[in-house]
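First comes the structure, then the notes that go with it.
Where a number appears in this text, it was derived from the coordinates with a stated rule and is not lab data. The structure displayed is predicted, hence computed values, not measured ones. Backbone-built Cβ (ideal geometry, glycine too); neighbour counts: all protein chains shown.
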Amino acid sequence: MRTKIEATWIVGHESGQHRLIRDGVVVYEGNSIIHVGRSFEGHVDRTIAAKDKLVAPGFIDTHVHSGHRASHRLITDTGRPMYYGQPFLEISVPKEGKVVKGDPRYLKHGDAGSEAAFKLNATFTVAELLRNGVTTFIEYGSQLRVQDALLAEVTRLGTRAYLAPGYDCGRWVGDEHGRLKRIRNDPMGLDGIKTALEWIAKHDGEAGGRVRGILVPREVETSSVELLRRTRQAADELKLPVATHAAYSVLEFHDIVREHMMTPIELLDDLGLLRPTLNIGHGNFIADNPNLNYSVACDLKLMGSAGATVSHCPINIVRRARVLDSWKKYQEAGVNLSIGSDTYPRDMIMNMRTASYLGKIMSHTYLAATAGEVFRAATLGGAISVGRDDLGRLAPGARADIIVIDLTGRNSLRLGPVRDPIKSIVECGVGDDVDTVIVDGVVRMEGGVIPGVDFAALRSEAQQAGETVWDTVAEWDPLGRTAEQASPWSFPLV
């Protein structure tokens, strides 16, 4: 079936760069785009009218943690200062011998857990991403049963995803005094990569090819050198992309320097892992960051020379008073910048705006992190991170992963008059402006409606699940705090 989209604005692609087309058409047949331009004279079976709309490649979210994020609601405007703003340590580090109750993401491979909880997390995640125009996402290493649940929802709702169980050699816990303690178990890491490879061998290419495998050693500091080396060997042999959290925490940076006498980025380089298809989660605490006062800094040069990808999650880190220093320097060094939502909101338009504003501030110029640059990061940057030249662009031969964004502000005056649609979306848009989502040539959302998803019911289920997490905080919190003690109310509760 051949479909034509007639739009007021189109983000086309030519000579490796996006191009704006006014009053043009996109034509796709099956799951491939066959024409992008001002007009098309050939036969079509269906025409989609997109007047006052922008037709663009689907967003690629390069950093997703599955879940309804109830535990993350405990660290807004609060936290323990000795964690230096690292959210991971505050909401996923339980008392030794305990688990974060009510959140199945933190169970180990094989641990018992509620099927309903796994399904809720997966449905919430995939539906939210799809509603916000994300056609491809990378899940950052949750355990086996989380991946199984995501696989089912990706298949049902029709998105594209890079999935596989993550692995490491031990996790952080809180000791009897509430202090950080790292449990080391190297054999667990080797078992974990074996599980990941088995899962990839079984599921890579499922859902009509929309599901692909990825290797995720969760964090550099919780992975042994041998585990990282085996990751590189498997990635080379099977041509798989890799994702890991690295250079994302002051504590992690100094732990790696102390243990290996190299920075996290130098360690990855030494192991031969730096490459465009290495997705470095955050990568903001590199040696070149002046806050680290590291005298011999070459991390930025190493990442840039390799064309490595940084998954920049601007909203998630700015909440913790952390930023990327700086967009302009990373870009000029040759780093491939992509954008991830990490936890919430899974709204790529809001994340692009935050990346742009923070990029200007940290680069000390309003010419940095332009609307075009952050839009490129949210599309082409993500495609590069997984080694794809058929995603993140609207061009003949590319996959028909297409989004239609309403430029009217959806019955509001929020966008105002539109001169440049990319600037208008980045400066004034929200994910709710996404009207239609097409993945692999199939309409997966139309008019903001996703077949098979009841948003009201999903919100209600998530609220109930969140109440369970908050009611049980004292059972697993290293300091034995209640939710109210760990996260005081914004105003006194009557």
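Using the Karplus relation 6.51 cos²θ - 1.76 cosθ + 1.60 with θ = phi - 60°, the per-residue 3J(HN,Hα) values for segment 318-331 come to 5, 4, 9, 6, 10, 9, 8, 10, 10, 3, 4, 5, 4, 4 Hz, with x marking Gly and Pro.
Across segment 315-434, the mean sequence separation of Cα contacts (distance under 8 Å, 6 or more residues apart), normalised by length, yields a relative contact order of 25 percent. Among residues other than M352 whose Cβ falls under 15 Å from its Cβ, what is the net charge (Lys/Arg +1, Asp/Glu -1)? Around M352, the charge tally is -3. If R0 is 45 Å, the Cβ-Cβ spacing of M1 and E96 corresponds to a FRET efficiency of close to 0.20.
Annotation: aspartates and glutamates with alpha-carbon distance below 19 angstrom to K53 (same-chain offsets under eight excluded): E6, D23, D347, D401, D406, D420, E427, D432, D433, D435, E446.
Convex hull volume per residue, computed on the Cα atoms of segment 59-385, equals 122 Å³.
Note on the chain: with charges restricted to the Cβ of Lys and Arg (+1) and Asp and Glu (-1), its dipole about the Cα centre is near 580 debye.
For the peptides 413-420, 439-446, 361-368, 153-160, the ranking by mean Cβ contacts within 10 Å, running from highest to lowest, is 153-160, 439-446, 361-368, 413-420.
Output the antiparallel fraction of DSSP beta bridges having both residues in segment 59-385, as a percent to the nearest 5.
Details: 3 of 30 bridges.
Percent antiparallel among DSSP bridges in segment 59-385 is about 10.
Only DSSP H runs of four or more residues enter the estimate; each adds -39500 (n - 2.57), and after division by the residues of the chain the mean residue ellipticity at 222 nm equals -9500 deg cm²/dmol.
For the pair E467 and Y344, a Förster radius of 25 Å applied to the C-beta separation gives a FRET efficiency near 0.90, rounded to the nearest 0.05. Count Lys and Arg as plus one, Asp and Glu as minus one, and take only other residues whose Cβ is under 10 Å from that of V36; the net charge is then +2. Packing around the peptides 290-302, 317-329, taken as the average count of other Cβ atoms within 10 Å per residue, puts them in this order, highest first: 317-329, 290-302. Phi-derived couplings, Karplus 6.51 cos²θ - 1.76 cosθ + 1.60 at θ = phi - 60°, listed residue by residue for segment 73-82: 5, 8, 10, 7, 6, 7, x, 8, x, 6 Hz, with x used for Gly and Pro. Note: relative contact order over the chain, using C-alpha pairs below 8 Å and six or more positions apart, is 20 percent.
The peptide list 252-263, 481-492, 386-397, put in order of mean Cβ contacts within 10 Å with the highest first, becomes 386-397, 252-263, 481-492.
Principal semi-axes of the equivalent ellipsoid, √(5λ) from the alpha carbon gyration tensor of segment 1-50, are 18, 13, 8 Å from largest down. Dipole of the chain computed with +1 at Lys/Arg Cβ and -1 at Asp/Glu Cβ about the Cα centre; of P451, T244, C428, farthest Cα towards the positive end is C428. When only the Cβ of Lys, Arg, Asp and Glu is charged (+1, +1, -1, -1), the dipole of segment 327-376 relative to its Cα centre reaches about 80 debye.
With a Cα cut-off of under 19 Å and a minimum spacing of 8 residues unless on different chains, the lysine pairs in segment 59-385 number 15. Only one residue of I256, G480, Q17 has its Cα farthest out toward the positive end of the dipole of the chain, where Lys and Arg carry +1 and Asp and Glu -1 on Cβ, and that residue is Q17. Set the Cα radius of gyration of segment 226-354 against 2.2 N^0.38 Å, with N its number of residues, and you get 1.02.
Listed values for segment 252-263 are Karplus-derived 3J(HN,Hα) couplings in whole Hz (6.51 cos²θ - 1.76 cosθ + 1.60, θ = phi - 60°), namely 4, 4, 6, 4, 5, 4, 5, 7, 10, 6, 9, 6, and x replaces Gly and Pro.
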